[in-house]
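To keep things clear, I will list the structure first and then write my remarks on it.
The values are calculated or read from the model by the stated rules, or taken from the named source; none is laboratory data. Source: prediction; values computed, not measured. Reconstructed Cβ throughout: ideal geometry from the backbone, glycine too, with neighbour counts over all protein chains shown.
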Amino acid sequence: MKLLVTCAAQFLVVLDVSIVNVALPAMRDDLGFGATGLEWVVNAYALTFAGFLLLGGRAADLYGRRRTLIAGLALFAGASLVGGLATAPGVLVAARAAQGLGGALLMPATLAILTTTYPEGPKRARAIAVWSAVGAAGGAAGSVFGGLLTDLLSWRWTLLINVPIGAAVIVAALLVLDPGRDGAGRRLDVLGAVTATAGLSALALGVTQTALVPLLVGLALLAVFVAVQARVARQPLMPLRIFRSRAVTGANVVILLTGAAGFAMWYFISLYLQNVRGYGALTTGLAFLPHTFAIIVAARLAPRLMTRFGVRPLVVLGALVAAAGFAWQSRLTVDSGLVTGVLLPGVVMTFGIGLTFTPLAAAATTGVERSDAGLVSGLLNSSRQVGGSIGLAALATIAAGQGVAGYGRAFEVAALTLVAAAAATLLLPGPRASTVTARAPRTDQGFLRRSRANGRGSEIKARPFALDRRKNP
């Protein structure tokens, strides 16, 4: 039941992203967005989501995962209500930013609940795979529901639908999840969260506007964030010690690069199908179903492939398959057929991306202390969102004013980004480097006493399954 509740919360967050993508043209026409303002309906959410994910992850560790999940759901649903009733572009963008904050509270809690409920090994890998697949299903449902609601009712219902769903998940969380409270009495590093979010927002604004001043301000604020974490914060939002782990560092670099390419795909294809091909919102949503089905299949296959081949080879394979799909998609023209021009390259792109997240999440959370589970979960999701928001801003700038040719150029850059992600897997530890010393559980005390009697010592060596394929033949 815990898996069901956490997956439902994950479903809600991803549902909202895909619903809004399909409804973007209707929002633009109704509220009068400018030529460069529409992307901020996506980026306002993505940036606050990314900037506060660390805060959300730490809050889950300190104040309880159930409590943080419910607070995030309540904020997310309330902001959805405001956004659905918006009458001006600024109100909608502000509501989307508030949704991002709510999502930042609840998503790390969902992954932290899984990693503290299921032990390291195949069970955790399968749980993460289900979590990833449900997120992909949310993308499919969002595309279809977004088109259906926009065509039959209004784009406003793409946001208002979150209110009853959020309420239902809150009730389920109250009934199912444990009300534990870890780290009580410690304070959150709000200054760190604010400087991180402001820095990322300024950086994205500078990329979007091709302006030097916001870029410099963003970099300066991010430098302040690092200084705060290292020297000022008594209980830092992102303790820099976490990066001593090659698994954590490597997984975050790779997922940042894959996110930079992956987010832009949905944005550009949605605009292409509606603005160039003249499809309605519902038809566009249905056209995304093969993309999402490919992610679900890949996520379900990933645990088996990971056990057989290991983390690094699987991530390299996924990144290169996705890069091939993006290179194919870059050949898009006004006259491209739907199947060969959109659906088939889209399936290749999403299948490759779907292969990467489960092994990266398993690698990053292997060997992590229970008290840091929310932090690592938040950091991993933050890297994906940061990559996605900055990548979308950069690629939208590359494509601006060039029509379909601009979309193709953006897909070319995304393909190169995924090749870089494949190369970045060298940062991940190899099988031998993953060996750690672990204390045996109490049920093994008899075995250890017998081992001591035979002179074999009191410790055992354990290799995390996700980083050593020999653990699970």
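Which of (1) surrounded by fewer than 24 Cβ atoms within 10 Å (Cβ to Cβ); (2) out of contact with any Pro (no Cβ under 8 Å at 6 or more places or on another chain); (3) outside any loop (DSSP other than H, G, I, E, B) is the odd one out, the single condition residue 343 does not satisfy?
The one condition residue 343 does not meet is (2).
Determine the pairs where a residue that is free of Cβ contacts under 8 Å to residues at least 60 places away in the same chain, located within the stretch 1-19, has a partner that is surrounded by fewer than 22 Cβ atoms within 10 Å (Cβ to Cβ) and of a type outside the set (Gly, Ala, Ser) with Cβ atoms under 6 Å apart, the partner being 6 or more residues away or on another chain.
none
Within the stretch 239-294, take every residue that is in a helix (DSSP H, G or I) and among the basic types (Lys, Arg) and give me the one that is nearest to residue 365 (Cα to Cα).
Looking at residues that are in a helix (DSSP H, G or I) and among the basic types (Lys, Arg), I get 246.
Is it the case, given these coordinates, that residue 437 is among the β-branched types (Val, Ile, Thr), outside any helix (DSSP H, G or I) and modelled with pLDDT under 70?
In short, yes.
Identify, please: which residue in the stretch 416-430 is in contact with a Gly (Cβ under 8 Å, 6 or more places away or on another chain) and at pLDDT 90 or above and is, among those, surrounded by the fewest Cβ atoms within 10 Å (Cβ to Cβ)?
Across the stretch 416-430, the extreme among qualifying residues is 417.
Here are 102, 64, 57, 84: which of them is over 17 Å from residue 172 (Cα atoms) and surrounded by fewer than 23 Cβ atoms within 10 Å (Cβ to Cβ)?
None of the others qualify; the one that does is 84.
Quick one: would you say residue 110 is surrounded by fewer than 24 Cβ atoms within 10 Å (Cβ to Cβ) and of a type in the set (Ser, Thr, Tyr)?
Against the criterion (surrounded by fewer than 24 Cβ atoms within 10 Å (Cβ to Cβ) and of a type in the set (Ser, Thr, Tyr)), residue 110 does not qualify.
When you go through 319, 299 one by one, which is the residue that is farther than 25 Å from residue 150 by Cβ and either modelled with pLDDT of 85 or more or outside any helix (DSSP H, G or I) (or both)?
Answer to the selection: 319.
Grab the helices (runs of 4 or more DSSP H) fully contained in the stretch 114-211, keeping just those with 3 or more residues being at pLDDT below 70 and touching a helix residue (DSSP H, G or I) at 6+ places or on another chain (Cβ under 9 Å).
Ranges flagged: 122-152, 190-209.
I'd like to know if the stretch 8-28 contains one or more residues that are assigned to a loop (DSSP other than H, G, I, E, B) and either assigned by TED's automatic domain parsing to the domain that holds residue 175 or crowded, with 22+ Cβ neighbours inside 10 Å (or both).
no
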